[in-house]
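Input: a single structure, listed below in structure tokens.
The values are calculated or read from the model by the stated rules, or taken from the named source; none is laboratory data. Owing to the predicted nature of the structure, the values given are computational and were not obtained by experimental measurement. Glycine gets a Cβ as well: all are built from the backbone with ideal geometry, and neighbour counts include every protein chain shown. Just the protein is used for accessible areas: all its heavy atoms, side chains included, with ligands, DNA and RNA removed. Shrake-Rupley method; radii C 1.70, N 1.55, O 1.52, S 1.80 Å.
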Amino acid sequence: MKTGTLKQILLITDGCSNQGDDPIAMAALAKEQGITVNVIGVMDQDVIDEQGLKEIEGISLAGGGVSQVVYAHKLSQTVQMVTRKAMTQTLQGVVNKELQQILGRSHTLEDLPPEKRGEVMEVVDELGETVELEVLILVDTSASMKQKLPTVKEALLDLSLSLNARSGENRFSVFVFPGKKNEVDKLLDWTPRLESLTGVFSKLTTGGITPTGPAINEALQYFKKKRSLRSLLSRDDESFYEESV
């Protein structure tokens, strides 16, 4: 069974988008491109307003992912849970497509007898430990997130440790929004480990706006660039030489 690389956008925010593209439309576009969008809403002692909650749920639903609203002190375990839950959800979708090819379009995992379903879920669990994973993390750095950023940093370090316990390859990238001069800034290029965030997070400045839609759009463009580079590098030396001459 070919699963390729699982691609996820993990959005960490504490409020509602208030500038730029519609984030729900951008999440739907991500899903079309095979990228799952997961959202974690971070509360402090306060609550996220109804509009913010609706947007968080709408983004994850449109992006085929998982959403969760949590207090800051529970962020670390939630980030890991949401990432892994989304992986399982995506892999189950892959398995269902395989089953439909074998058994017919109307069949899914739920239609199998209990013992067969258990066997298939074992395969899903095994794939979850071995599949390649790319997670692009979008961190809201609007003014209200200032006190929550140290917790976000710790949660991302824990996520890196947790996922690197798998045998499959991981690559992480981190963007923040709003950026210093742009709506979105790249904080960390693709890396298997997030330890370098420790020094960078303390230097972040927080601003007032929340351009969530543009941030998701920037993440999509970044995935596209990575694909373009990979296809360029995968050409053999001879054809590359011929084109260069």
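Top to bottom by accessible area (1.4 Å), largest first, where do 84, 193 land? It would help to have the intermediate numbers written out before the result.
Values: 84 75, 193 120 Å².
Ranking 84, 193 by accessible area, largest first, yields 193, 84.
Tell me, what is the 1.4 Å probe accessible area of residue 167, in Å² to the nearest 10?
100
Kindly provide the helix-only [θ] at 222 nm of the chain, computed as the sum of -39,500 (n - 2.57) over DSSP H runs of four or more divided by all residues, to the nearest 500 deg cm²/dmol? Could the numbers behind the result be given before it?
Values: 8 runs with 119 residues, N = 245.
It lands at -16000 deg cm²/dmol.
Here are some values of Cα Rg over 2.2 N^0.38 Å: [x] 0.97; [y] 1.07; [z] 1.31. Which one was computed from this structure?
Here Cα Rg over 2.2 N^0.38 Å agrees with entry [y].
If I compute solvent accessible area with a 1.4 Å probe over the protein chains, what percent of it on the chain is carbon and sulfur?
Details: 6450 of 12740 Å².
C and S atoms contribute 51 percent here.
With every protein chain kept in the model, how would you rank 107, 73 by accessible area, 1.4 Å probe, largest at the top?
73, 107
Once you sort the root eigenvalues of the Cα gyration tensor of region 142-224 as a ≥ b ≥ c, which label holds: rounded (a/c under 1.5), prolate (a/b larger than b/c) or oblate (the other case)?
Oblate shape, in that a/c is at least 1.5 and b/c is the bigger or equal ratio.
Looking at region 84-213, how many pairs of lysines come closer than 28 Å at the Cα, when each pair is eight or more places apart or spans two chains?
Summing the qualifying lysine pairs gives 22.
Running a GNM on the chain with Cα contacts under 10 Å, which residue among 188, 103, 136 ends up with the highest mean-square fluctuation?
Result for the chain, Cα springs under 10 Å: 103 fluctuates most.
Using θ = phi - 60° and the Karplus curve 6.51 cos²θ - 1.76 cosθ + 1.60, what whole-Hz ³J(HN,Hα) does each residue of region 195-208 get, with Gly and Pro shown as x?
Running phi through 6.51 cos²θ - 1.76 cosθ + 1.60 with θ = phi - 60° gives 4, 5, 5, 3, x, 6, 4, 5, 8, 5, 9, 9, x, x Hz.
Mind checking the per residue accessible area of region 100-184 for me, 1.4 Å probe, whole number of Å²?
51
If R₀ is 45 angstrom, what is the calculated FRET efficiency for the pair residue 98 and residue 180, using the beta carbon separation as r and rounding to 0.05? Let's see the in-between values first.
Details: r = 46 Å, r/R0 = 1.02.
After rounding to 0.05, the efficiency reads 0.45.
Place +1 on the Cβ of every Lys and Arg and -1 on the Cβ of every Asp and Glu in region 47-169, take the dipole about the Cα centre, and give the residue among 88, 75, 107 whose Cα lies farthest towards its positive end.
Result: 75, furthest along the dipole toward the positive end.
With Cβ to Cβ distances under 14 Å as the rule, what net charge do the other residues near residue 151 carry (K, R +1; D, E -1)? Walk me through the numbers on the way to the answer.
Working: positive: 74, 146, 148, 153; negative: 14, 44, 140, 154, 158.
Result for the neighbourhood of residue 151: -1.
Give the accessible surface of region 43-84 per residue, rounded to a whole number of Å², with probe radius 1.4 Å and ligands, DNA and RNA excluded.
Solvent-accessible surface per residue comes out at 55 Å².
Could you tell me the relative contact order of region 39-80? Use alpha-carbon pairs under 8 Å, at least six residues apart, and round to a whole percent.
In percent, rounded to a whole number, it is 55.
Which order do 43, 145, 81, 121 take when ranked by solvent-accessible area (1.4 Å probe, heavy atoms of all protein chains), largest first?
81, 121, 43, 145
How many angstrom separate the Cα center of region 161-200 from the Cα center of region 51-102?
One Cα centre to the other: 19 Å.
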